[in-house]
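Take a look at the structure below.
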C-alpha cells in the first residue's frame with residue numbers, strides 16, 4: 001500500500017535531513033567548509049552561508065557542537081520518523097513497537113529537536129550577524145520546522161483516531177454484552 005501524501009512528504013523531508021547530516025554537516029564538523037570540496041552540496045552551502053547565514057559561516061563553538069551532535073546522532077531520529085511515515089505507524093495499535101515509537105520515543109526525540117531548533121533560531125536572530133534575508137534563510141532552515149509540525153500533527157491525530165476507535169470498540173462491546181444479558 002502506498003503511503004499517504006502527508007506521509008510521503010514527511011518521509012521525503014527525513015531523507016533530506018539524513019542526507020544533509022551525513023554529508024554537509026559531517027564535513028562542517030571536521031573544519032570550516034571548503035568551497036573547493038568535492039563533497040555533495042558543500043560549495044553551495046559555503047556560498048549560501050556567506051550570503052544568508054553568516055553566523056553559521058563564522059562557526060562559533062556552540063554551532064559547531066550543535067551541528068556535530070546533529071550530524072552524528074539525529075539521523076537516527078529521522079530514520080525512526082521515516083519508518084513511521086512509510087509504514088503509517090502512527091495508526092498501528094496491534095504492535096508494541098509502534099506504540100512505543102508513537103507515544104514515547106518519537107515525541108521525546110522530536111521535543112529535543114524542537115528545543116534545539118528554537119535555541120538555534122534564537123541565537124541566530126540575537127547574534128551580531130543575524131540572517132540578512134529571511135526568505136533565503138527559512139528556505140533552508142524552515143523545512144525542519146515544517147517537518148516537526150507535520151510529525152506532531154500525525155502524532156496528535158493518530159492519538160485522537162486511536163482514542164475514538166477504542167471508545168467505539170468499548171461501546172460496541174458494552175452494547176453486545178448488555179444485549180446478551182437481556
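Brief remarks on what is shown
- Check on residue 111, exposed (fewer than 13 other Cβ atoms within 10 Å of the Cβ) and either assigned to a helix (DSSP H, G or I) or over 20 Å from the mean Cα position of the chain (by Cα) (or both): yes
- Which numbered condition residue 49 fails, given (1) part of a loop (DSSP other than H, G, I, E, B); (2) closer than 21 Å to residue 134 by Cα: (1)
- Restricting the stretch 69-83 to residues that are touching a residue at least 40 places away in the same chain (Cβ under 8 Å) and buried (at least 16 other Cβ atoms within 10 Å of the Cβ), the residue that is farthest from residue 107 (Cα to Cα): 71
- Lone qualifier among 66, 21 - being under 24 Å from residue 81 (Cα atoms), in contact (Cβ under 8 Å) with a residue 40 or more places away in the chain and crowded, with 19+ Cβ neighbours inside 10 Å: 21
- Sole residue being surrounded by fewer than 16 Cβ atoms within 10 Å (Cβ to Cβ) and at pLDDT below 95, chosen from 126, 167: 167
- The set of residues in the stretch 1-11 being touching a helix residue (DSSP H, G or I) at 6+ places or on another chain (Cβ under 9 Å) and in a helix (DSSP H, G or I) consists of 6, 7, 8, 9, 10, 11.
- Among all positions in the stretch 38-56, there is at least one residue which is more than 29 Å from residue 153 (Cβ to Cβ), surrounded by 15 or more Cβ atoms within 10 Å (Cβ to Cβ) and out of contact with any helix residue (DSSP H, G or I) (no Cβ under 9 Å at 6 or more places or on another chain).
The values are calculated or read from the model by the stated rules, or taken from the named source; none is laboratory data. Nothing here was measured: the structure is a model prediction, and the numbers come from that model. Please note: Cβ atoms are built from the backbone with ideal geometry, for glycine as well, and neighbour counts cover all protein chains shown.
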